[in-house]
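Here the structure comes first, spelled out in structure tokens, and everything after it is commentary.
The values are calculated or read from the model by the stated rules, or taken from the named source; none is laboratory data. Owing to the predicted nature of the structure, the values given are computational and were not obtained by experimental measurement. Cβ placement follows ideal geometry from the backbone for every residue including glycine, while neighbour counts extend to all protein chains displayed.
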Amino acid sequence: MGIGSGIIISSDGYILANQSVVGEVGSNVYVTLKNGDDYVAQVVWIDSTMDIAIIKIASNNLITLGFGDSDSVNLGEEIYMISNPNGYDFNQKIQTGIISEINKTYKIINDDTTTYIEDVIKINSTIDSSQTGSPILNSSGELIGITSSKLNSVIPINRVKNIINKLEQDGEFKEAYLGVHGFDYDVIKYLNLGVELESGVYIEQILENSPAIDLLEPGDIIRTVDDEQITRMQQLTEYLYSKNPGDKIVLDVLRGTEELEIEINLKEK
């Protein structure tokens, strides 16, 4: 059984946590609030690659943290981490630190499987298992991310804002799926691919079940989505979280020297 912290993100009981702690969608999770109230929560959404999950308890009028803007954080910025190192017993600990890296993307190859961990935040200390699921706050006390000991990184809060909005409005979230992996400018310059990329997202891989098969190609550069300029892979991911399965998106794509406008109908993940 995994043990970790979580962050109340809505007054009606949605909690942000780590997927490595709570398990798969539909799993039950035991939740204890600081006031001693116990709940059985259900996992409603996960991203196992990014080690994030949203669970739901049957409660209302909960106090939430205010959200900051994780896209506006800067290198060297001071942050605060509130952890609960003793597990079940509430003995919260606050630590200060600084942001040491932003927009960090990993490509991990295991046998025939390639995994991308996109645009995380690094802080100047190791995140161990007793700190996993902890909120990271900026100097204004706003939530900018959640820690993951599995990734030893901070997952930016902007990644899940659109999901939270849909859960609050609709009571459910159905993930729209494009099925591509790629890199943005901050990453591509280190990969020696012979690609000159000043903006946009470079597509390295198109998954087999992607609705973009036969429409996009590896090496394409996505410059805009529905006329919204795309500069980072995380920005593309966050935009897709605002869409629904079956929605159509229009991509402005650079293929070599050719500019293309490509329409794609998103699938449900």
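Look at region 112-130: where a residue is polar (S, T, N, Q) and a partner is part of a strand (DSSP E or B), sitting 6+ places away or on another chain with Cβ atoms under 6 Å, you get T115/I108; N124/G97; N124/I98; N124/S100; S125/G97.
Listed here are the residues, each with its yes/no results for (1) touching a Pro at 6+ places or on another chain (Cβ under 7 Å); (2) surrounded by 15 or more Cβ atoms within 10 Å (Cβ to Cβ); (3) of a type in the set (D, E, K, R); (4) in the same structural domain as N138 (by TED's automatic domain parsing).
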{"site": "G26", "(1), (2), (3), (4)": "no, no, no, no"}
{"site": "V31", "(1), (2), (3), (4)": "no, yes, no, no"}
{"site": "K34", "(1), (2), (3), (4)": "no, no, yes, no"}
{"site": "V40", "(1), (2), (3), (4)": "no, no, no, no"}
{"site": "W45", "(1), (2), (3), (4)": "no, yes, no, no"}
{"site": "I99", "(1), (2), (3), (4)": "no, yes, no, yes"}
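Among the residues here, Y239 qualifies as outside the structural domain of K56 (by TED's automatic domain parsing) and either loosely packed, with under 15 Cβ neighbours inside 10 Å or modelled with pLDDT of 85 or more (or both). Please tell me if K248 is modelled with pLDDT of 90 or more, surrounded by 17 or more Cβ atoms within 10 Å (Cβ to Cβ) and more than 24 Å from K107 (Cβ to Cβ). No, not satisfied. State whether one or more residues within region 64-79 are surrounded by fewer than 21 Cβ atoms within 10 Å (Cβ to Cβ) and in contact with a Leu (Cβ under 6 Å, 6 or more places away or on another chain). For region 64-79, residues surrounded by fewer than 21 Cβ atoms within 10 Å (Cβ to Cβ) and in contact with a Leu (Cβ under 6 Å, 6 or more places away or on another chain): present. Looking across region 42-64, the residues that are in contact with a Gly (Cβ under 8 Å, 6 or more places away or on another chain), among the hydrophobic types (A, V, I, L, M, F, W, C) and either assigned to a loop (DSSP other than H, G, I, E, B) or over 30 Å from N103 (Cα atoms) (or both) come down to I57, A58, L62.
Of the residues making up region 148-176, those that are part of a helix (DSSP H, G or I) and either under 19 Å from D71 (Cβ atoms) or touching a His at 6+ places or on another chain (Cβ under 9 Å) (or both) are N158, R159, V160, K161, N162, I163, I164, N165. May I ask you to list the residues in region 122-158 that are of a type in the set (V, I, T) and surrounded by fewer than 24 Cβ atoms within 10 Å (Cβ to Cβ)? Result: I123, T126, I127. Restricting attention to region 138-158, the residues that are touching a Lys or Arg at 6+ places or on another chain (Cβ under 9 Å) and either among the small types (G, A, S) or within 16 Å of E77 (Cα to Cα) (or both) add up to 3.
Residue check: is E268 modelled with pLDDT under 95, exposed (fewer than 13 other Cβ atoms within 10 Å of the Cβ), among the charged types (D, E, K, R) and within 30 Å of D12 (Cα to Cα)? Judged against the criteria, E268 is a match. The listed residues are D38, D12, D69, D51, and the only one of them that is among the acidic types (D, E) and under 20 Å from S83 (Cβ atoms) turns out to be D51.
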